[in-house]
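The values are calculated or read from the model by the stated rules, or taken from the named source; none is laboratory data. For clarity, every value in this text was computed on a predicted model and none was experimentally measured. So basically every Cβ, Gly included, is an ideal-geometry build from the backbone, and we count neighbours across all protein chains shown. Calculation scope for accessible area: heavy atoms of the full protein, side chains included, ligands and nucleic acids excluded. Shrake-Rupley method; radii C 1.70, N 1.55, O 1.52, S 1.80 Å.
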Amino acid sequence: MKALHLKEIKNAYLSGKEVSSICTLFNITRSTFYYQKRRAKEAGDDWDEALLREKREEKEVRASEEYFLATLIDSFEIVLQGDTKPSLEKLNKYAQTYWKLKAPKNDDAFKLKDKLREKAELTVKVIANLALEQQENEVVEFLSANSEEIIKRVFK
């Protein structure tokens with residue numbers, strides 16, 4: 001499928017069109033649509049996450065964030081004034097939750113690194129198979145003996 005065609009399909013999805021309408025519009029099957037969507041996600045382009053971002057208005061996100069922070073600060077002030085006994089541990093937990101939400105997901109970085117490592121390992125295997133097909137035994141032996149070291153050096 002052409003990249004331009006795929007981009008148009010994604011844009012239609014992000015604009016809120018129903019999957020059946022998209023399929024009709026682009027003359028593709030539902031399974032083709034979901035296959036392309038899954039392939040994009042595997043490549044790091046999650047259409048559902050992008051759709052969620054599209055649906056959220058920045059104003060709403062900021063208002064929710066401001067409300068959350070104001071509530072958190074008020075709670076800390078109440079504890080510090082000694083008027084009530086909410087636990088500092090609980091407030092700390094809320095603060096940590098806030099920062100986890102705001103911080104970039106390290107999981108994504110690790111997932112990307114894992115995917116890149118898998119691709120590098122696959123590349124070494126493909127080169128080894130190609131060398132084997134062309135009876136380049138020295139190359140095959142070298143890659144077999146050093147594949148882990150090659151991957152290790154690539155991902156220093």
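Checked against (1) open to solvent by less than 70 Å² (accessible area, probe 1.4 Å); (2) over 29 Å from Lys119 (Cβ atoms); (3) modelled with pLDDT under 90, Cys23 passes all but condition (3). Ala12 meets each of the listed conditions (1) touching a Lys or Arg at 6+ places or on another chain (Cβ under 9 Å); (2) part of a helix (DSSP H, G or I); (3) of a type outside the set (Ser, Thr, Tyr) apart from (1).
Yes or no, residue by residue, for (1) β-branched (Val, Ile, Thr); (2) loosely packed, with under 14 Cβ neighbours inside 10 Å; (3) at pLDDT 85 or above:
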residue	(1), (2), (3)
Thr97	yes, yes, no
Ala109	no, yes, no
Ala131	no, no, no
Val140	yes, no, no
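Checked against the criterion of being open to solvent by 60 Å² or more (accessible area, probe 1.4 Å) and at pLDDT below 70, the candidates Lys17, Lys90 yield just one match: Lys90. For the range 26-53, residues that are more than 25 Å from Lys115 (Cα to Cα) and among the β-branched types (Val, Ile, Thr) total 2. Consider the range 28-57 and keep the residues that are among the acidic types (Asp, Glu) and modelled with pLDDT of 80 or more. The one that is farthest from Leu6 (Cα to Cα) is Glu49.
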